[in-house]
Structures are given as structure tokens and as C-alpha cells.
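The values are calculated or read from the model by the stated rules, or taken from the named source; none is laboratory data. Values in this document were obtained by computation on a predicted structure and should not be read as measured data. Neighbour counts run over all protein chains shown; Cβ positions are idealised from the backbone, glycine included.
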Amino acid sequence: MILAIDTSAGTSAAVFDGTKQLSFVNFDDRFGHAENIGLAIQGAFSKAGITPAELTLVAVGRGPAPYTGLRVGVAAGIAMATALGIPACGVITLNAVARKHPVGRILVVADAKRKELFIAGFQDGEQVIPPSVATHQELEDYSSFRQVPGECDASVIGEYLIWAKAQNLDLTDTSALYLRSPDVTPSAGKRVTG
Amino acid sequence: MEIRELQAADLPELMKIETDLFTSEAWKENSFRSEIEGRFTDYFGAFDGELIGYAGLHSVPASFSSDIQTLAVGAAHQSKGLGRTLARKLIAKAFALGSEAVFLEVRADNQSAISLYSSLGFKQIDIRKNYYQDSAIDALVMRLALNQPIVLGIESSCDETGIGIVKGNRLLANALHSSMDEHAKFGGVVPEVAARAHLEALQPTIVQALKDANLSMNQIDAIAVANGPGLAGALMVGIGAAKALALAHNKPIYAVNHLVGHVGADVLENGTVSLPTIALLVSGGHTSLLLVRDLLDDVELLGETIDDAAGEAFDKVARVLGLPYPGGPQIDKLAETGNPKAIRFPRGLSLPKDMEAHRFDFSFSGLKTAVARHVEKAVDNGLELSKADVAASFREAVVDVLLTKAINACEAHGVKKLLLGGGVVANARLRQVAKIRCDEAGIELRIPRFSLCTDNGAMIASIGAQLMMAGRPPSNLGFGAESTLEVTKVQTL
């Protein structure tokens, strides 16, 4: 039994039994991650009619995505797995979305805030551009790719996880994928007198 | 019928019942008076127009136990369950005070009392021969075990990831991961750096706390988490984790106030917070003066900084003096060799005109600028600059204004107790002057150990435990981070 959590866009949770999705709960609000994370997980459990003790694995969406919300889901996933003594897996959201488009040359594009985008490129399911940050201008360099909206949720994460497990892909990294350094520079200190 | 705390004015009525029931073994009025007025006692009376029964409890803080001193029901009101109601009232009080056991002595020939206590869960543990000397009757010593709640608390409001575990008023674990070093190159806490560090520290810190307490997650009765005030992005990491921990084993969750947590830390040190008290909380993020009449129900903000926090001022002045972050320990060390009276730096919001609107507020921004001006002037004019004198004089100004206002608050509110909390309490001069001035003013000073003064998870767990012990309902699962949460809101439901 798998619990999938994603807070890359809205806040969602889903429960899978084997390959079958038993439940999916989504809150669309792009700012209410901390408020909704517990309700989403609780809703996913109750809709699936399972108890947390039945879980064998937790999957979290690692982004890339706006950081503040993203961290809520990753924190919840890690804490759930730690509390139950079960493994946690991390899924890169752009990869999970690409999995739904196995044919052709596609560019998964997600909002990165600050007028930038998170992108990743795939050719017939094989990654050809790793997750990276791009401006709208730079997007023109990828005109040979068909653009796919990178919106992700727990259902997409869970489906990817089940597929990736079958391929024996390593998903042990559960860290949030930031792709940007914290936006600060050390201050030199300024004079107070002219 | 109403049950309320007994007062000295109730004594005449009480003595009538006492002498009627216990005749030659009755307590004297003076004994009751000192019991009712005692610091560690709780006496309750049942009233139905008049006093019809009473009961008293004695609990020494940090002993984790209580004693039922007496329990009496007037002759005309017996066998109606009032004895049970009063006993339950005492047990609830003992539980709320953090007691892990309640003891009592009962006459061996008082079958109805023995069966009442037995039905409430008391077990006989000893017998005292001829305890009631007038009648040569034995006393049975009985004990009721109370299971205090085990609470795991999460603190992530700034740069410390704290996971603490308490059982009632008892500290079991206080694991901490600080991201202070990562902020050093920026000269202050960077919210995004702090939030990233929380996420990384989360799992190892939870595991460490459980290991220190020798517990597994399923033995935790409830989760508490600080949901404000603090850095929103940082708080949200703790909240996300806390909600999942609570759901994993279907346990209640309590969203608690970070600042009140600093006051609650004293419970873990002393077994209780002696109330009412003035609390001065000084850190890199807060400088607040509180009047705490009741830890859960009555916390009043008397004043706070209107610009920089005191710890922030230390960091900024350290930078002016070319010292590394965090500034507090650096300035403390340098100041040891300096003259605190060398330069008279301004005391913010301390002029007569400030007393009306800002009597208990603080301002450190002007002080920091004054220090910078002083240093720049000396450097520009090629004058000799004693950094040690600057550090000592600056530190003196901060300590002076903090304690002057704190002690004024004690006096203005007639509260002879001062509790210090927050990271700046590590400052040696602050502790030293606090001791001197409190002694002079006859104020009882409490400073918890340093690991309970700085941000930590145990203080959050402690507030969660206090809420449970007082029988408060848990928070709903939909709460969020509140970066400017008011100190009056101890729990977010």
C-alpha cells in the first residue's frame, strides 16, 4: 500500500494498492499547503478505507516547484515514513509528468515564479534535457520540442512511482529539488554617516 | 451545586463541618488557614447555598506527586456522590499540575471511603499502625498512578530545528539541529536558507529525539508544533511534518505559540511556572515583555521591539566592529576587557515622552546607528578606537534598557517574579545585571538552563502537554503558519 504526496502546485495525496489507485484528494489552493496537507492525507486514507499502519511506502514529489509549498509535502512524506518505519521515495515532478507522454519530443514546462520556468526535455520517454531553470526567452531555443504543461499531483507521482519501481529506478533521494541557490548575497555593510 | 477554590472567608462554615465529622481528631482553624493559603496547596469547596463539602491537595513542584490532605462531606449530604466528585476534582488538579501519582491516608475502619478510593483506581501500598492515636486505628496508605501524556514537540520558527519530547512536566529529550553556521556568511538568518536546513534536519532530529527518550513513535500520545510567530516558510516545514506524524498513529495535534513556549520551558526546569510572572524574551527575532497570569489562558503582551530585536542589534554591531556572526558571543567576549561607561550610548524609548505610548516597548535601531556613527567618526578622523570599549558600552546599553523596563514592568504590575528566555540570555552581562537588580528590588529571578532558553522543541512539547493535562481539545488539522501570531493566542484551534 502506497501513499503519494505532492505539493508542487496544489496540495494532494493519493493511496495506491499495488497498481490500483484507491483514492485521490486534491486542494487546488496554491498557497494553502501547510493548511491542507493534513486534510489531504487524512482524506486519502479515509476515502481508500485504509489505516496508515497498512502503508508499505511513501512517495513524495520533489519538484522542482515553488519552494515554500514544495517543502510542506516533502516534510510530511518524510515524517510519515519515519513515524511508520517504512521507506520514502522521491519523484521528480517533471519526470512524472513526462511519463504520460512516452512518444515524441516533449518539453515539460512548469512555473518557477519570478518570470522563470522549470523545464525538462524528453525524446520518446528518454530524458534529453535534465530539470533546469529557463526564462521565457530561452524557451524559444527549444522550438523543436512539443511543450507539455508540467502541472503535477499525487496521482501522477504515484503512477510514476509504480512504473519506476518496476524498472528498478533508484528513487531513494527525497530531497527537495531547488535548482536555484537561496537568493541572497552577503552584505558588505554600509556606512550610516555620509 | 458549585465547586470553587476555598478562601479564608469560608473557614467558619468549614470548621462547623470539620468539628461535627471528626470531633476530637478535627483540624484546628489555624491549620486550615495555612493550608488554604499555602503556596503548594489547592483546596476546593462544594457549595449548595452553603458549604456542604471540601477537599484539599498538596503538590510540591518537581516532586511529580500530590497528596490528598483531606476530603469531607457534611453529614446531611453524604452518600450522594459528592465525595467522588470532590476526589475527581483533586485528581484532575493533580494531573494538571504534572503529578504522576496521588497519595492519601485513610482510616482502616472507613469502609465507604476505602471503596470510593479503590473505585477511582487507588491501590493500598502500605499500612500505618495506630496512625489515629485517639482511637488506635490504623491508616491505609493508598496510591493512584497517573499517566501523564507523552508529547513530541516540533520547533522550526527560525534557524533551529528542535524536536523535544516531554512526559507531563518531565523532560525526556531535546534534540536540536542549528543552521546558524550556514547563516554566518550572510551576517544574519536568511529565511530560505533556514527553511532548507529544516527540511534536511527533520528526519535525523526526530530519530535522535526518539532515541534520547528511548521511545518509539507509537508511544507518543500527541504532537505539538509551533505555528507562529516566526518565519512562515520555516514554520511550514515543521507544520507539514507534525501533521504527518500525528496522522501516522492517529494522535491529536496541538498548534502552539512559540513565544508562550519560551515561558513554558520553565515548567521543565522547575516543575511549574510560578505565576503570575513577568517574562522577558530576548532573541535574534524577538524582544518581548509579557505578563503571564496563566500559561494557557492569560498571557498579555506588555511591550515588544518596534524595530530590531536585541539579538539582531548584537549581530549588526558585531558587523560594524568587524566581528563574525553571531554577534552576541563575540561582543560578550570583547566587552570583558572594555569599559562599559566609556561611551554613553542611547537607551531607546527611555525618555519621559516615551513613557506614555512605549513604556514597555524597545528600540535598538537607533542604538546600532549610534555605535556605527561612533566607529565611523573615529576611523574618519584617525582617532584611536577601543573596540572593547565600544562593545562593553553597547552591551551595557542593551542590558540596561532590557532590565530597566523588565523591572519597571514587575513593579508596575505588582509582580515580584521575572523569567528570562531566548538566546540572548546566553549573554553573561545580562544574567549578571539581572541578578543584581532583581536582588535589589526583591524580585525572584528565574533563568532556565541555556538549552531550554534558546529555541527548542521541548518547550513546544511542554505547552502541548499543559494543554492536554488541562483537558483542552486538540487543534483542527487545517491550521497554518501565522508569522505574526499574537502572544494572547496560546493555541490555534
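I'd like to verify a number: residues in region A:84-101 that are assigned to a loop (DSSP other than H, G, I, E, B) and in contact (Cβ under 8 Å) with a residue 12 or more places away in the chain, how many? If you could, list the steps in order and put the result at the bottom.
Residues of region A:84-101 assigned to a loop (DSSP other than H, G, I, E, B): A:85-87, A:92, A:99-101.
The next check asks that each one be in contact (Cβ under 8 Å) with a residue 12 or more places away in the chain; those that pass are A:86-87, A:92, A:99-101.
Here the count works out to 6.
Okay, residues lined up against (1) among the small types (Gly, Ala, Ser); (2) more than 29 Å from B:SER274 (Cβ to Cβ); (3) part of a strand (DSSP E or B):
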site	(1), (2), (3)
B:SER79	yes, yes, no
B:TYR117	no, yes, no
B:ALA139	yes, yes, yes
B:MET142	no, yes, yes
B:SER157	yes, no, no
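Within region B:187-231, which residues are farther than 20 Å from A:LEU70 by Cβ, at the interface with chain A (Cβ under 9 Å from one of its Cβ atoms), outside any helix (DSSP H, G or I) and out of contact with any Ser or Thr (no Cβ under 7 Å at 6 or more places or on another chain)? Correct list: B:GLY188, B:SER216, B:ILE220.
Does region B:154-172 contain at least one residue that is within 12 Å of chain A (Cβ to nearest Cβ) and farther than 24 Å from A:SER181 by Cα? Yes, there is a match, as at least one residue in region B:154-172 is within 12 Å of chain A (Cβ to nearest Cβ) and farther than 24 Å from A:SER181 by Cα. Is it the case that B:ALA406 is in the same structural domain as B:ASP212 (by TED's automatic domain parsing), in contact (Cβ under 8 Å) with a residue 60 or more places away in the chain and within 15 Å of the chain's Cα centre (by Cα)? So B:ALA406 does not fit the description; no. As a summary of the residue check, B:LEU280 satisfies the conditions (1) more than 26 Å from B:VAL60 (Cβ to Cβ); (2) surrounded by fewer than 24 Cβ atoms within 10 Å (Cβ to Cβ); (3) among the hydrophobic types (A, V, I, L, M, F, W, C) except for the one numbered (2). Does B:SER135 qualify as being part of a loop (DSSP other than H, G, I, E, B), more than 29 Å from the chain's Cα centre (by Cα) and hydroxyl-bearing (Ser, Thr, Tyr)? When the stated conditions are applied, B:SER135 passes them.
Scanning region B:448-469 for residues that are closer than 24 Å to B:GLY328 by Cα and touching a residue at least 40 places away in the same chain (Cβ under 8 Å) returns B:PRO448, B:ARG449, B:SER451, B:LEU452, B:CYS453, B:THR454, B:ASP455, B:ASN456, B:GLY457, B:ALA458, B:MET459. Contact map, region A:21-36: residues that are within 14 Å of another protein chain (Cβ to nearest Cβ) paired with residues that are among the charged types (D, E, K, R) and not in a helix (DSSP H, G or I), Cβ distance under 8 Å, separation 6+ or inter-chain. Pairs shown: A:GLU35/A:ASP29; A:ASN36/A:ASP29. Being charged (D, E, K, R) and within 14 Å of chain B (Cβ to nearest Cβ): is that true of A:ASP141 here? No. Of all the criteria given as (1) within 30 Å of B:GLU411 (Cβ to Cβ); (2) surrounded by fewer than 21 Cβ atoms within 10 Å (Cβ to Cβ); (3) free of Cβ contacts under 8 Å to residues at least 60 places away in the same chain, the one not satisfied by B:ASP332 is (3). The numbered conditions (1) assigned to a loop (DSSP other than H, G, I, E, B); (2) basic (Lys, Arg); (3) within 14 Å of chain A (Cβ to nearest Cβ) are all true for B:ARG319 except (1). Counting residues in region A:47-55 that are away from every other protein chain (no Cβ under 12 Å), under 12 Å from the mean Cα position of the chain (by Cα) and not in a strand (DSSP E or B) gives zero. Take B:ALA234 and tell me if it is away from chain A (no Cβ under 14 Å), of a type in the set (Gly, Ala, Ser) and either surrounded by 24 or more Cβ atoms within 10 Å (Cβ to Cβ) or over 18 Å from B:ALA481 (Cα atoms) (or both). For B:ALA234, the condition - away from chain A (no Cβ under 14 Å), of a type in the set (Gly, Ala, Ser) and either surrounded by 24 or more Cβ atoms within 10 Å (Cβ to Cβ) or over 18 Å from B:ALA481 (Cα atoms) (or both) - is not met.
List the helices (runs of 4 or more DSSP H) inside region B:324-438, counting only whole elements, that have at least 2 residues being of a type in the set (S, T, N, Q). Step through it out loud before you land on a result.
Details: elements: B:327-335, B:355-358, B:365-380, B:387-412.
In region B:324-438, B:365-380, B:387-412 are the helices (runs of 4 or more DSSP H) which contain 2 or more residues that are of a type in the set (S, T, N, Q).
Based on this model, can you work out whether A:ILE92 counts as at pLDDT 95 or above and under 22 Å from B:PRO252 (Cβ atoms)? No, not satisfied.
Residue-wise test of (1) touching a residue at least 12 places away in the same chain (Cβ under 8 Å); (2) of a type in the set (Lys, Arg); (3) closer than 30 Å to B:LYS16 by Cβ; (4) not assigned by TED's automatic domain parsing to the domain that holds B:ASN257.
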| position | (1), (2), (3), (4) |
| --- | --- |
| B:ALA72 | yes, no, yes, yes |
| B:HIS77 | yes, no, yes, yes |
| B:SER99 | yes, no, no, yes |
| B:GLY121 | yes, no, no, yes |
| B:LYS129 | no, yes, no, yes |
| B:LEU140 | yes, no, yes, yes |
| B:ILE154 | yes, no, no, no |
| B:THR161 | yes, no, no, no |
| B:LEU176 | yes, no, no, no |
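The number of residues in region A:148-194 being exposed (fewer than 14 other Cβ atoms within 10 Å of the Cβ), closer than 27 Å to A:GLU116 by Cβ and away from every other protein chain (no Cβ under 14 Å) comes to 1.
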